[in-house]
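Reviewing the structure listed below.
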Amino acid sequence: MFHKITKGKSFAGVLKYVFSKGEDSEFLEGNGVMFGPIPTMAACMDVQASMNPSLKENRVCHVSLNFSAEDKARLTNEMMLRIAHDYMQRMGFKDTQYVIVRHHDRDHPHLHIVINRVNNEGKTISDKNDRDRGKDICLYLTKKYGLHIAAGKDHVKRDRLRGGDKTKYEIYDAVCAVLPKCKNWDELQKALLHYGVEVEFKYRSGSLDVQGVKFIKDGIAFSGSKVDRNLSYSKLSRRLEANLMAATKKEAKTTKVVKVVKHAKPTPAPKSKLVHKVVQVTDAMGKILNQDVYVPDTVSESAESDYTTEDEYVEEKKWTWGHGFKR
């Protein structure tokens, strides 16, 4: 379940839209407004709004509550009304006029609520942080009524989006595509230009301290947090820092491996053929003469260098054994 909330000044315009679907527009309930022709209903709401002349522009609140198609079988009119009442109560839409209309023109169940922001006493109903509050309330109601929790923006049908919603998702998709490869804001800005998305920063008055970020595409601008909560300036900055740290660690690890390979100890060279042959001949001669001869496992390089040929080495050994001396 999620909501979409907009504000304006024309009751007639919003009522005309919610009843524009013909048989697919089903009137569920009205409060303080008698159901009838659209001009009559709009005039009734205009009278109450006139009780607060200071509120001229955003006196009309239009809310759509949208549900998953997986909940369609259980979302009767009665249940949808119960959820709508719960939503309005938690949002602070109390003691005022409203009209609730259900639409049947889409696969997913949804309804529209037209609300007068001037209540029955002529006071203005606050709209402070209404979008963010509404998101939290929708999540709460989704859990409370056991509704299906959508997997997020990745499962939104892009081809059905229009206007600002379409642009917002195009910005979201662009940022998600390039963010994993970027390590700082400069890289992110350059990467987003390939998707036709510009980045602007909001600075604290009289300083160079960045307070927020704004994305612009096709002349339409959204603050990062309005595109998605994870695209606020602070959260994107943390993500870029994490990417930089990961890249630095990877580079350091690669450099370490290269150094280890470069300075590795060389593989010992195999013993010379001359040494092996001398040992073999000496062992054989010892057996023939039945003498206890000490034969070292290896012959030092200095010993080997005393002889220029294999024959000289063998002759020397014969002479030594024959006279009972040991070299």
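The values are calculated or read from the model by the stated rules, or taken from the named source; none is laboratory data. None of the values given here were measured: they were computed from a predicted structure. Backbone-built Cβ (ideal geometry, glycine too); neighbour counts: all protein chains shown. The accessibility values were calculated without ligands, DNA or RNA, using every heavy atom of the protein model including side chains. Shrake-Rupley method; radii C 1.70, N 1.55, O 1.52, S 1.80 Å.
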- Candidate set from region 105-139 (those that are at negative phi, over 21 Å from the mean Cα position of the chain (by Cα) and without any contact (Cβ under 8 Å) to a residue 24 or more places away in the chain); member that is most open to solvent (accessible area, probe 1.4 Å): Lys128
- Return the pairs, sorted by first residue and then second, in which the second residue is modelled with pLDDT of 95 or more and among the aromatic types (Phe, Trp, Tyr), the first residue lies in region 10-26 and is more than 20 Å from Arg117 (Cα to Cα), the beta carbons are less than 8 Å apart, and the residues are 6+ apart or on different chains. Phe19/Phe27; Ser25/Phe19
- Gly206 passes all but one of the listed conditions (1) more than 20 Å from Arg162 (Cα to Cα); (2) at pLDDT 95 or above; the exception is number (2)
- Got at least one residue in region 56-77 being out of contact with any helix residue (DSSP H, G or I) (no Cβ under 8 Å at 6 or more places or on another chain), under 22 Å from Ile125 (Cβ atoms) and in a helix (DSSP H, G or I)? no
- Query: What residue, of Lys214, Lys235, is touching a strand residue (DSSP E or B) at 6+ places or on another chain (Cβ under 8 Å), surrounded by 11 or more Cβ atoms within 10 Å (Cβ to Cβ) and not aliphatic (A, V, I, L, M)?
  - Reply: Lys214
- If we scan region 122-135, do we find a residue that is more than 25 Å from Leu231 (Cβ to Cβ) and not in a loop (DSSP other than H, G, I, E, B)? yes
- Sole miss for Ile115 among (1) farther than 30 Å from Val156 by Cβ; (2) in a strand (DSSP E or B) is condition (1)
- Could you run through region 191-201 and say how many residues are within 18 Å of Leu240 (Cα to Cα) and over 19 Å from the mean Cα position of the chain (by Cα)? 4
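For region 56-96, name all the residues that are hydroxyl-bearing (Ser, Thr, Tyr) and either open to solvent by 90 Å² or more (accessible area, probe 1.4 Å) or under 16 Å from His108 (Cβ atoms) (or both).
As a first pass, look at region 56-96 and keep what is hydroxyl-bearing (Ser, Thr, Tyr): 64, 68, 76, 87, 96.
Answer for region 56-96, where residues must be hydroxyl-bearing (Ser, Thr, Tyr) and either open to solvent by 90 Å² or more (accessible area, probe 1.4 Å) or under 16 Å from His108 (Cβ atoms) (or both): Ser64, Ser68, Thr76.
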- Looking at this structure, is Gly196 open to solvent by 40 Å² or more (accessible area, probe 1.4 Å), closer than 12 Å to Glu170 by Cα and of a type in the set (Gly, Ala, Ser)? yes
- Mind counting the residues in region 16-55 that are open to solvent by less than 50 Å² (accessible area, probe 1.4 Å) and within 38 Å of the chain's Cα centre (by Cα)? 2
